[in-house]
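Reviewing the structure listed below.
No lab work stands behind these numbers, since they all come straight from the coordinates. Source: prediction; values computed, not measured. When we count neighbours, we look across all protein chains shown, and the Cβ atoms used for this are built from the backbone with ideal geometry, even at glycine.
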There are 2 protein chains.
Amino acid sequence: MANHKVTLLPANQTVEVPTGSLVAEAIQRAGLDIAQPCGGQGRCGRCAVFVKGDGARRRSTLRLSAEDIESGFALACQTVIEGDLTVSIPDQERIERRLVTDKTAKSIEVPFPYDQNLQGVRAFRVYLPEPSFQDNKDDLTRLEIALAGAGYPEAEVPLALVRRLGSVVRESDWSPWVVLEAETWNRPHGPARLIDIATDPIEPVALAIDIGTTTVSAYLVDLITGEVLGSSAEYNGQIHCGEDVISRIIYAGRDGGLAELSHRVRETIAELLVRLEKRTGVSPDHIYKATVAGNTTMAHLFLGLPPTSIRLAPFIPTVNMPVPIMAHDIDLGINPLASVDCLPGVASYVGSDITAGVLACGLSETGQLTLFIDVGTNGEIVLGTHDWQVTCACSAGPAFEGAGVVNGMRATEGAIEEVWVNSGTFEPTWRVIGGGKPRGLCGSGLISLLAELFVTGVIDRGGNVKLDLDTPRVRQGDHGPEYVIAWAGETSTGGDITLTKVDVDNLLRAKAAIFAGFSVLATSVGVRLEDVQQVLVGGSFGKYINVEKAIQIGLLPDLPWDRFKFLGNTAILGTYRALLSRDERDRLRHIARGMTYLELSADNSFYDAFTAALFLPHTEIARFPSVASIWEREAGLTPAGGAA
Amino acid sequence: MANHKVTLLPANQTVEVPTGSLVAEAIQRAGLDIAQPCGGQGRCGRCAVFVKGDGARRRSTLRLSAEDIESGFALACQTVIEGDLTVSIPDQERIERRLVTDKTAKSIEVPFPYDQNLQGVRAFRVYLPEPSFQDNKDDLTRLEIALAGAGYPEAEVPLALVRRLGSVVRESDWSPWVVLEAETWNRPHGPARLIDIATDPIEPVALAIDIGTTTVSAYLVDLITGEVLGSSAEYNGQIHCGEDVISRIIYAGRDGGLAELSHRVRETIAELLVRLEKRTGVSPDHIYKATVAGNTTMAHLFLGLPPTSIRLAPFIPTVNMPVPIMAHDIDLGINPLASVDCLPGVASYVGSDITAGVLACGLSETGQLTLFIDVGTNGEIVLGTHDWQVTCACSAGPAFEGAGVVNGMRATEGAIEEVWVNSGTFEPTWRVIGGGKPRGLCGSGLISLLAELFVTGVIDRGGNVKLDLDTPRVRQGDHGPEYVIAWAGETSTGGDITLTKVDVDNLLRAKAAIFAGFSVLATSVGVRLEDVQQVLVGGSFGKYINVEKAIQIGLLPDLPWDRFKFLGNTAILGTYRALLSRDERDRLRHIARGMTYLELSADNSFYDAFTAALFLPHTEIARFPSVASIWEREAGLTPAGGAA
């Protein structure tokens, strides 16, 4: 048997290995480290390396795109050495992703050419004639004449600014700087309005806010350049009052509950403002505009509107298209006269986070049949093209956010975020956020674990744990049958981390609700899910979903992976767009007005679709051909669980 | 000598008196009482009686009009009995006037036919369709559609009402009552705006307020009928911070001074609201509109605007035409969403109390050359017709309000308000507000006393006290020469009440400033004061001025008495008109815009006119022919004091 020389970079070591060896073996022989979380089964894609030379035969290229292969990538565990080779091992850091809540400005680009002259908020200097006995017009009239000269003949001057007017015009030698809202984009036909007046030049900034049930995110935007000066995110301080919107609504009904919830989210935003000021040096007083997205409940709580009717049939919110307000109306800690533009939503369970997401993901501009899903604490779905959009919300519950699951947790330090299970030993490998000992499982970890347990045959298609397997990992626990992913000695809590049958059922219900949503939407407009040309996944949680595993459990439809795009927090990206441009803002209003909302709880076909989706991956496994083939190959099992 | 029978009514007593007796003597002979404050000199008019029969010869009819005489009135002290007579003695109560700050509603009439459909604020009920799964529009959209159906397609709904919307529409079975401001009269082109929404019917009311430097007055107005439901007045709580506008402006410049002054006037208004609610049962929450007048400094303090520049040349206020605001902007204790319409003024020293006064007095609607004077803490004057108006302010100072005078006081209980001095004995008779012992002299008392002292020769035309008169009433006091009007034993203070030479000088300066204002205004437009066809006197103080005495001291021009009309508080009457009708409101804006303001301190002719007016009644006594004749007759003196 011939030996081949394998050069390993960047260490620049050379090893000789016999023909037929795997690249992974050559690396190990050199004493170098390579991650193989799935145990060398070619499923996780974590051992991808860069090969140069003709001596490499790829047995499997699962997880590699055509472009990846073209440019030389190969899976170390699935690539057979048949000649001399040079193998570059990428920096593991570079293929690890990190939980980044606070990004620096440079990573967010202005999404289109920005023109400050089309911005509603403008800053400029005005020159007033000095008064005399011959010209004794009052200060305000002088200012109004100057504003008229600048093109704003009927600008409103709020009392708060009139109060400062006398001293500012005199201290500035009758040449003050003004900030003016030429157009309030959510108030058609409204007059221009003065927002500030000062002796010194002002560089106006604005704030884009996405109020998620779990996380509040903010961009600080330079209104001269349109650039994001800084961004920040923080858990919504309302979490203490309930994890999901329903529990928040119930909390709001308690004595003082609404006021507390309103206060808590304002405090969260205040904290973001403190951070942004620290990082950028921009005072919140110079924030002259805020554009806000959030689901309908979050929008109600932010505005201090009782959300009660949202959870009572027929689920009517007080407002989908909030009224124009100023920051002082809600004690938002930016310039008190700044307009606060709460973006329009569609219905009680499809809010402005979704309309902003549709704007950001481009669904309303494309001819392709597109499925947009925002995986957050709720699961909202939009199906459509530039011509039409239909939407619904799936009460998925917060299982994918770690709630309702014994060892579930949010995606913070200590959360297992990805899992591989060895199909022979049923031993798991996992990656923990932050790299330390695990405390629990976050949403992506749960999806990953559920998929692995299913594919390796630890649970059957009905979600039942197979207690007869030859491993201590499966057992009858206090909460019924369960799988132990981490033993007490390996965890930071000192207890075992498990996934119980009850947890599995919760996860099945959550994924079934979302998939049933897809089905009902598609049926309602007479298209098939298979015809969907692109699936756009928004939501900061969506960013971390492993598409393969999400398909394996039947959360996402079984489409070619390259049809999926993970866009991150589309809500704030859309909010940022709507802040920058009146055209985008108008487009968003158009989206909100034009979208057809399907109330699933009033739709008889939903329950059938939901029930059918309670299996792994689905009652009709034929709808998931790629999963069927893997499952049969990996586990060597035939379909079980009473499905067709 | 023949006797005549005199029957006295209502006592129905008969006495016989010889020919040539006075009616006053007949009354005294019958043991009845009649007031003769001037000591029977025929000057005070207080002994007016009603005579029937031919036996009465009127020696003097001073203070009686032609109509009075025609209908039988005569002065008891000046009417000689030459035949049988019936004499009716009027109830003294009925000819006494009282200081009435709080009037009942019935005394104020709706000044023109009122049409509630032309009112800006309207209340009505709306009917919304109940939502269902098939019709899941949000609450606000339902309301907006209903308002559009009522003729208000783009009505603004403030956030505060959106906050109550959900519960009110449900509790009212989707048929709430709304209060809407269809037009905000001081905000042209502004949209309709919702002010209230409720489950029960609402009867909207409004408030007219006049903020005087000394007194704040308010009318509570029914917006359905236009009627005044109640009125109330109270001293401005800012008095503790200074008596006149200049001292208030200085106080406002102190640390926290402006905030305190703003707060104090709001407290005064709050007190009026408490009284009005007690009297009418109308909650301040149902006050949906306020219209406010006040001099420019009062308007600034009310709005929290620093008034500093008002007293610095060239005397420029921050605003003459205040911006539209809502009650919550200034913490006014009425419905927080009510519009507060601060009426437009003209300049730093001619405020909206004067423009409202011009509206109320009819100057801007008459072809007659009219002089309007508002005698308050300041003296503002307007000269004009419907075609033109010219105005100025005389820094008269607060002497006529009792300040700057040793024993001066405001027109409250214990103030001497009218005085007669016996030209033989120099003994005074006075009337005290409330009827008890005197504490001091109010404005009308001071004018009265000054006139009496002048006419009876106690002081000369230069205001010098003649210390050589044979009476203990004149003496050299601690503050220089003085006249004692009340001895310590007669007063409630236990000290003498006097008028000193210094006081006289202050009063002369005050009246000279006002008269100089008249002169300069007339000269500026090329008319003579003698050509003035009517003199309209506003201001609650003006209401009590004795025109004869005011002419005698040269405060008012020497015109026939029937050209003078005393209109009371014209500021609040005009405010009431501007509240009732958009036409009146527009007229007021037109008045404010069209009036020509003369800044006296920048007018060289003012100082000459002022100096000329520092004498009693004036350097050129020929300008006061009626005074010259009385003065010569009563005092038997020739002009003194170096005047021509």
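Tabulated results
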{"read-out": "Chain B: relative contact order as a whole-number percent, Cα under 8 Å and 6+ apart", "value": "11 percent"}
{"read-out": "Simple Cβ-charge dipole of chain B, Lys/Arg +1 and Asp/Glu -1, about Cα centre, in debye nearest 20", "value": "660 debye"}
{"read-out": "Inter-copy label distances at A:R528 (7 Å, Cα→Cβ; nm, one decimal)", "value": "10.9"}
{"read-out": "Calculated [θ] (222 nm, deg cm²/dmol) that DSSP helices of n ≥ 4 give over the protein assembly as shown, each run adding -39,500 (n - 2.57)", "value": "-8500 deg cm²/dmol"}
{"read-out": "Charge tally in the Cβ shell below 11 Å around A:Y152, where Lys, Arg are +1 and Asp, Glu are -1, A:Y152 excluded", "value": "-3"}
{"read-out": "Charge context of A:N335, other residues only, Cβ under 12 angstrom, K/R +1, D/E -1", "value": "-2"}
{"read-out": "Segment B:334-408: chymotrypsin sites (Phe, Trp or Tyr not before Pro) falling in loop per DSSP and having at most 16 other Cβ within 10 Å", "value": "B:W388"}
{"read-out": "Farthest toward positive dipole pole in chain A [+1 Lys/Arg, -1 Asp/Glu at C-beta], among A:L369, A:L469, A:A602", "value": "A:L469"}
{"read-out": "Relative contact order [Cα under 8 Å, 6+ residues apart], segment B:130-272, whole percent", "value": "14 percent"}
{"read-out": "Modelled FRET efficiency - R0 25 Å, A:N12 with A:E70, Cβ distances, 0.05 increments", "value": "0.50"}
{"read-out": "Debye, to nearest 20: dipole size of segment A:3-93, +1 on Lys, Arg Cβ, -1 on Asp, Glu Cβ", "value": "280 debye"}
{"read-out": "Scattering curve values for segment A:485-644, log₁₀ I(q)/I(0), Debye with Cα scatterers, q = 0.15 Å⁻¹", "value": "-1.00"}
{"read-out": "Label point 7 Å beyond Cα along the C-beta direction, distances from B:G435 to other copies (nm, shortest first)", "value": "9.8"}
{"read-out": "Cα-derived Rg to Rh of chain B, Kirkwood definition", "value": "1.05"}
{"read-out": "Reachable aspartates and glutamates from A:K278, criterion Cα separation under 14 angstrom, eight or more residues apart if same chain", "value": "A:D102"}
{"read-out": "Relative contact order %, segment A:3-93, counting alpha carbon pairs below 8 Å whose residues are six or more apart", "value": "38 percent"}
{"read-out": "Of A:P113, A:S172, A:L159, farthest towards positive along the dipole that unit charges on Lys, Arg, Asp, Glu beta carbons give segment A:96-342", "value": "A:P113"}
{"read-out": "For the protein assembly as shown, size of Cβ-based charge dipole, Lys and Arg +1, Asp and Glu -1, in debye", "value": "360 debye"}
{"read-out": "Counting DSSP beta bridges with both ends in the protein assembly as shown, the antiparallel % (nearest 5)", "value": "70 percent"}
{"read-out": "Peptides ranked, highest mean first, by Cβ atoms within 10 Å: ranges B:143-153, A:76-86", "value": "A:76-86, B:143-153"}
{"read-out": "Unsatisfied cross-links (Cα-Cα over 26 Å) in the set A:K437/A:K501; A:K466/A:K549; B:K437/B:K511; A:K511/B:K137; A:K501/A:K565; B:K501/B:K549", "value": "B:K437/B:K511; A:K511/B:K137; A:K501/A:K565"}
{"read-out": "Ranking of B:R29, B:R254, A:R439 by count of other Cβ atoms within 10 Å, fewest first", "value": "B:R254, B:R29, A:R439"}
{"read-out": "Amide H partners (placed H, <5 Å) of A:G477, local residues excluded", "value": "A:E482"}
{"read-out": "Relative exposure of A:D222, A:D115, judged by other C-beta atoms within 10 Å (fewest first)", "value": "A:D115, A:D222"}
{"read-out": "Cα pair count fraction exceeding 15 Å, expressed as % - segment A:276-325", "value": "56 percent"}
{"read-out": "Shielding by other protein chains, B:297-305, mean Cβ within 10 Å", "value": "2"}
{"read-out": "Counting all C-alpha pairs of segment B:3-93, share separated by more than 17 Å (%)", "value": "39 percent"}
{"read-out": "Dipole of chain A, positive end: most advanced residue of A:I69, A:A252, A:T225 [Cβ charges, Cα centre]", "value": "A:I69"}
{"read-out": "Cα centroid separation - segment A:486-502 against segment A:340-354, whole Å", "value": "40 Å"}
{"read-out": "The protein assembly as shown - Rg over Rh from alpha carbon coordinates, Kirkwood radius", "value": "1.19"}
{"read-out": "Sequence-distant residues sharing a close amide H with A:V292 (under 5 Å, placed H)", "value": "A:I209, A:D341, A:C342, A:L343"}
{"read-out": "Under 14 Å, Cβ to Cβ, from B:E130 - net charge with Lys/Arg +1 and Asp/Glu -1", "value": "-2"}
{"read-out": "Teacher prompt: A:P625 distances to equivalent labels in other copies, 7 Å Cα→Cβ, nm", "value": "12.0"}
